[in-house]
1. Please indicate, with yes or no, whether at least one residue in region 289-299 is in contact with a helix residue (DSSP H, G or I) (Cβ under 6 Å, 6 or more places away or on another chain) and within 15 Å of the ligand (Cβ to nearest atom).
2. If you take the residues in region 203-253 that are among the aliphatic types (A, V, I, L, M) and assigned to a loop (DSSP other than H, G, I, E, B), which one is surrounded by the fewest Cβ atoms within 10 Å (Cβ to Cβ)?
3. Is one or more of the residues making up region 439-452 modelled with pLDDT of 95 or more and more than 18 Å from SER492 (Cα to Cα)?
4. Got at least one residue in region 47-61 being under 23 Å from MET359 (Cβ atoms), modelled with pLDDT of 95 or more and in a helix (DSSP H, G or I)?
5. How many residues are open to solvent by less than 70 Å² (accessible area, probe 1.4 Å), of a type in the set (D, E, K, R) and in a loop (DSSP other than H, G, I, E, B) when one looks only at region 483-510?
6. Given the condition within 16 Å of the ligand (Cβ to nearest atom), of a type in the set (Lys, Arg) and more than 13 Å from the chain's Cα centre (by Cα), answer yes or no: does some residue in region 205-218 qualify?
7. Looking only at residues in region 552-583 that are touching a Phe, Trp or Tyr at 6+ places or on another chain (Cβ under 7 Å) and surrounded by fewer than 24 Cβ atoms within 10 Å (Cβ to Cβ), which one is nearest to ARG157 (Cα to Cα)?
8. State yes or no: is LEU622 in contact (Cβ under 8 Å) with a residue 24 or more places away in the chain, outside the structural domain of PHE698 (by TED's automatic domain parsing) and either open to solvent by 20 Å² or more (accessible area, probe 1.4 Å) or part of a strand (DSSP E or B) (or both)?
Amino acid sequence: MRKLFTAWFMLFAIATMHAQDTKMNTFISNLMSKMTVDEKIGQLNLVTPGGAVTGSVVSKDVDEKIRQGNVGGLFGITGPDKVRQAQDIAMKNSKLHIPLIFGLDVIHGHKTIFPIPLGLSCTWDTAMIKKSARIAATEASADGLDWVFSPMVDIARDPRWGRVAEGAGEDPYLGSAIAAAMVRGYQGTDLTKNDAVMACVKHFALYGAADAGREYNTVDMSRIKMYQYYLPPYKAAVDAGIGSVMSSFNEIDGIPATGNKWLLTDLLRNEWKFKGFVVSDYTSLSEMQAHGMGDLKTVSALALNAGLDMDMVSEGFLNTLKQSLKEGKITVKQIDEACRLVLEAKYKLGLFSDPYRRMSNERASKEILSDDHRKFAREIAAHSFVLLKNNEHILPLKKSGTIALIGPLASNHRNMLGTWSVSGDPEKSVSVMEGIKNVAGSDVNIIYAKGANISDDSMLIKNTNVFGPEIEPETRTPEAMLSEAVAAAEKSDIVVAVLGEAADMTGESSSRADISIPESQENLLRALVKTGKPLVLVLFNGRPLTLTWENQHVQAILDAWFGGTEAGNAIADVLFGNYNPSGKLSMSFPVSVGQIPVYYNAKNTGRPYNGEGGPKFKSDYLDIPNEPLYPFGYGLSYTVFSYAGLSLSPAQISPNHPVQVKLTVTNTGNYDGEETVQLYIRDPVASVTQPVKELKKFQKLWLKKGESKEVNFTLTTDDLRFVGSSLRWIYEPGEFRVFVGGNSRDVVEADLSGD
Ligand code: BGC
């Protein structure tokens, strides 16, 4: 009976969807029959009037272009009144009254800012991440936006690249889970709802693999590597129903993504069945000229032929497609197809029935930065922090005694939000000092000293301060600042040093060759360590940093990324033990820059270094170890979790015969806490060489002090598949190894046979 009902329900749902599609198609065909070629090309044009833009070109005469029907969408403005004004021009003064679609970079929250995405990914909590996207969508839509340029799902193995801050780290499995969660959070179950926004997965594709970690640099990669490690998160976003895709700046197989037909049509549309529209990145269309692909007309035709539907800011489509049509370089059918996809997006967003549905002063004033949103921001920030070291349990701190709170990021609002928080107001954020005061209570005495500037390097300061004074060097000398800090440390029971990067030392166009804590702050830290006082280092950073010296000399290190609006409160919650840290790294921390790229799912090589015997002739370095300083999946807790009793039942797997992986995790320490149990596999013999470990499952677990819980995972042969030489995911029977642990290095293991 139940089965019958489910089948009936499915049929009903399919029939309803079909009827809706037919209705949409009829509406759009009818509209397009009234449109000139120019008006159709106009829909393919995405403009920005300015604001926080990422290129030297901004769109001109925007109002007039809207009136003329030369604009399909607009980004860079926010707020119900401003957006309404622009929509009014389209609705009242253009011939066809086609509504504009309004987009923006809403990356980790709109006005209530959550941790940077790299931090969010360290929660390994897809439900929380989905909720953060849902809240972002609620705020953004109240503020007039239909469309967000998120999630950014570029896998990255090079922390020199500043945009690692915007992604979910190095692993395709975790990255895919997060990509899908974010899409569902933004888009909800019904895109026409006033609080749903269309998501845009970016940057398609492989943008995170720029040579040498240098922004916008060339990418070159084998297909096998692409398919197995880099493409899955984009695919996961497509499978989750994402409405739009942004093409990336880089080239793939020698052809820039924005003009790459294999990528945008063969793979995305034909293989993955993507049904939404593709937008270029900021002038990535016209930039194909500098790549060496021809003049603006040539690259615009190339992009349309490749499968690009909307041109962000270049106006190559607007100014050259008509001519290319005359010359037979493109067809009307291609313009029609692109135009239809853009109009479909507007239809799906409900803009034709109410072009003003996402502009609500009432909603904006009630929902934006609401108490509930801030409360959740504080919670998720605390979950994102990673405890890298905690010798002799110096954390959590006691709520009594004297704390020397030191460092340029200790009493700072400007840098709490992190990169890509265009709508966030740093003044609404909570500094670490304020957070500590809120949480510690009156028995704690705080002595504050800045101690150093974030950096004294004039080149770094100039290049970081592009969007405002994130680094504000003082007129006092470094020596004067330092001696004040040392004096404060000497008077204290414990030092909390809050150091790291300024917000825009990561993010777009923020590659660094040296990824250590800036020298001015290193000097401060060394002086503080010399005082002999116990020291907790709280780090702000948008990328893995090199922390080899710090790891040796400092008692405790808490990586707080950029925690967002509630950063200070969340940091204090963790420092004083109101929340026991549970974050796990989604990206390896190198011992030194020379190790990069260093990532956990690496291959063995023919001469693996196993730590035995002399280093020659093995795959290693003479001067540093192969292992990263902190591996993928790593993160401590105030308590300790032990893993025992790993069993596989049965120990034989085959298609349709899954295996239950079972083990017991016990909280053997002194605090209640949360653990992320991670399951990895290895396929030691295969027709294509496989990595030494690959994440396949994870589970979050809350355990009271002393409590044990049984953890169960189901493994199927799907989890053992890899990309074969044919570029298909295949399962090859044979022997496998299963690992379970609290990080990718410290694991218990068992054998598994596959038929
Ligand atoms: C970035 C994108 C962003 C776009 C619009 C580009 O420079 O690469 O991530 O969405 O600008 O602001």
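The values are calculated or read from the model by the stated rules, or taken from the named source; none is laboratory data. Only a predicted model underlies this, so the values are computations on that prediction, with no experimental measurement involved. Cβ coordinates were reconstructed from backbone atoms using ideal geometry, including for glycine residues, and neighbour counts include every protein chain displayed. Areas reflect the complete protein model, heavy atoms only, side chains present, ligands, DNA and RNA absent. Shrake-Rupley method; radii C 1.70, N 1.55, O 1.52, S 1.80 Å.
1. no
2. The qualifying residue surrounded by the fewest Cβ atoms within 10 Å (Cβ to Cβ) is MET221.
3. Yes; the residues of region 439-452 include at least one that is modelled with pLDDT of 95 or more and more than 18 Å from SER492 (Cα to Cα).
4. So far as region 47-61 goes, no, none of its residues is under 23 Å from MET359 (Cβ atoms), modelled with pLDDT of 95 or more and in a helix (DSSP H, G or I).
5. Matching residues across region 483-510 total 2.
6. Within region 205-218, one or more residues are within 16 Å of the ligand (Cβ to nearest atom), of a type in the set (Lys, Arg) and more than 13 Å from the chain's Cα centre (by Cα).
7. This residue is LEU558.
8. no
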